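Values quoted throughout were computed directly from the atomic coordinates according to the rules given, and no laboratory measurement underlies them. What you see is a predicted model, and the numbers here were worked out from it, not measured in a lab. Here the Cβ positions follow ideal geometry from the backbone for every residue, glycine too, while neighbour counts run over all protein chains shown.
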Amino acid sequence: MQKYRFSLLAAYLLIQGFTFWLEWLNLRHMKGHGKEIPEGFGEYIDHASLDKASAYTIDRTRLGLLESVFGSVALLVFLFGGLLHRYDAWIRSLHLSFIPSGILFFLLLQYLSTVLSLPFSLYGTFMIERRYGFNTMTRGLWLSDFVKSTALSTLLLIALSAAGLWIVQASPEHWWLFAWIFFLAFSLFLMYISPYVIEPLFNKFTPLEGEGLTRKIQSVMEKAGIRVGSVMKVDASKRSHHTNAYFTGIGRVKRIVLYDTLIKKMAENEIVAVLAHEVGHWKRHHVLKSILALEVFALAGMYISFRALQAGLPAAFFSLDQGTFYAQIVILSFIAGIVTFPFTALSNYISRRHEREADRFAVELTSDPEGLATSLIKLSKDNLSNLHPHRLYAAFNYSHPPVKERIREIRSIQPGEPRDNGTGATA
């Protein structure tokens, strides 16, 4: 089994090397083209903003690479340097029962991961984000968020670990199916309660001010056949000057949330266009399709993991003579990251296709391609987005089309023309 362990290590290092090469390729491409103002952007973008966006991209990339290298070294030392064996043996030496042992095993690993990533998070927030005028978070607010998020993740991990391990213990032959059903149900439940229970722990949500904008939004939603339960404004500016908007809700009633930073920087028609794009995702069933695809892969992964554990493969690969179920799950997670990496480009390709469909839907719904185009240009400028990513880098890493291509496609749409239904046919 030594050769299999070496193969896993080689595959992981190859993936990391390819990822780093893509980052270098992207930075080199930006260095050569970063000063070019894309056609149709001149009214909003100047050379000073391009220089700032390039510097921001470089700083974020360097920090990301440093964190990735540090995390990779820590992971490899843990898995291949014998620390997993020792940690697993220590958990077994406590002589706890199956479920408490598993909770402790995963909880301590989560805390360790949090501690290791903390310096990078702090530097990114209080150095890079502040340097470029984004961060508005005080140290007190950061600490409050950290305590809340740690407490919340602890509760969720305990609940999920306890339930999952109980299922494994109660049904040794079919746990893979019952665990999949449980995690699916819990995910849907979390999607439902998050806007009303979790999100308010971190932000204040208030009804959108201004009847004119609210009326325009509701009019567009009704035209699309969507019932809007509420249009809310969130106080995102107390943490960052980044801008965004999103939809939440399951079922017939939806909730629209606008960042207060977005409201300040965009015209009403642009805000409506951004939300019409989100409506496009709902009407084209992109969320449902993504959930279904993810759950099919999750079910397959559960079954493959079940078979691998039955055969004792994870323990054999890493010479865990008395390896616990939990240690083997960690090994399987590591292997899954390697096996699923080739699907990254495919997943992002499908996501970009969905974004284009939602853009077209928004233009058809509002009859205002320029409103959507200028809103995206402003979002790119305000968030210091890289307007010139390398095509290969974008293919592997971008869930949205590069904004330059996206704007060109949006402005080429003639409202009222037949819409592509996503299959190549028109409707």
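For the chain, count all C-alpha to C-alpha pairs, find those more than 43 Å apart, and express that count as a whole percent of the total.
I get 19 percent for the Cα pairs in the chain exceeding 43 Å.
If I model a spin label at Met191 and Gln414 as a point 7 Å from the Cα along the Cα→Cβ vector, what separation in nanometres do I get?
In this crude spin-label approximation the distance works out to 3.8 nm.
Need one number: nm distance between label points at Phe205 and Arg227, each 7 Å from Cα along Cα→Cβ, rounded to one decimal.
Output for this residue pair reads 1.8 nm.
Please give the net charge around Ser121, taking every other residue with its beta carbon less than 11 angstrom from that of Ser121, where Lys and Arg add +1 and Asp and Glu add -1.
-3
I need the peptides 403-414, 381-392 ranked by packing, meaning the mean over residues of other C-beta atoms within 10 angstrom, with the highest value on top.
Ranked by mean Cβ neighbours within 10 Å, highest first: 381-392, 403-414.
Tell me, how many Å apart are the Cα centres for the range 95-149 and for the range 293-317?
So the separation of the two Cα centres works out to 29 Å.
Please state, to two decimals, what the Cα-based radius of gyration of the range 82-202 comes to when divided by 2.2 N^0.38 Å (N = residues). Intermediate values should be presented prior to the final figure.
On the way: Rg = 18.4 Å, N = 121, 2.2 N^0.38 = 13.6 Å.
Taking the Cα Rg and dividing by 2.2 N^0.38 Å, one obtains 1.35.
Relative to the present Cα-Cα distance, how much length would full extension add between Phe146 and Arg391 at 0.36 nm per residue of separation?
84.6 nm
Quick check: Cα centre of the range 1-78 to Cα centre of the range 168-241, how many Å?
Rounded to whole Å, the Cα centres lie 31 Å apart.
For the range 203-265, what proportion of DSSP beta bridges, expressed in % and rounded to the nearest 5, is antiparallel?
Among the beta bridges of the range 203-265, antiparallel pairing accounts for roughly 50 percent.
Let's see if you can work this out: charge +1 on each Lys and Arg Cβ, -1 on each Asp and Glu Cβ, no other charges. What is the dipole magnitude of the chain about its Cα centre, in debye to the nearest 20?
280 debye
Quick check on the exposure proxy: order Leu376, Leu143 from fewest to most C-beta atoms within 10 angstrom.
Leu143, Leu376
Can you tell me the length gained on complete extension of the stretch Phe80 to Ser367, counting 0.36 nm per residue apart and subtracting the Cα distance? Show your work: numbers first, answer last.
Numbers: separation 287, 0.36 × 287 = 103.32 nm, distance 5.78 nm.
Separation in residues times 0.36 nm, less the Cα-Cα distance, equals 97.5 nm.
Taking the C-alpha atoms of the range 203-265, how large are the radius of gyration and the largest Cα-Cα span, Dmax, in Å?
Answer for the range 203-265, Rg first and Dmax second: 11.9, 34 Å.
Cross-link candidates for Lys148: which aspartates and glutamates have Cα within less than 16 Å, leaving aside residues fewer than 8 places away along the same chain?
Glu199
Cross-link partners among lysines for Lys289, C-alpha distance below 20 Å, same-chain residues fewer than 8 apart left out?
Result set, ordered by chain and number: Lys254.
Just to be sure I understand: of the beta bridges DSSP finds with both ends in the chain, what percent are antiparallel, rounded to 5?
55 percent
Which lysines, on any chain, are close to Lys381 with Cα under 24 Å apart, when same-chain ones fewer than 8 places away are left out?
Partners within reach: Lys31, Lys35, Lys52, Lys233, Lys238, Lys264, Lys265, Lys404.
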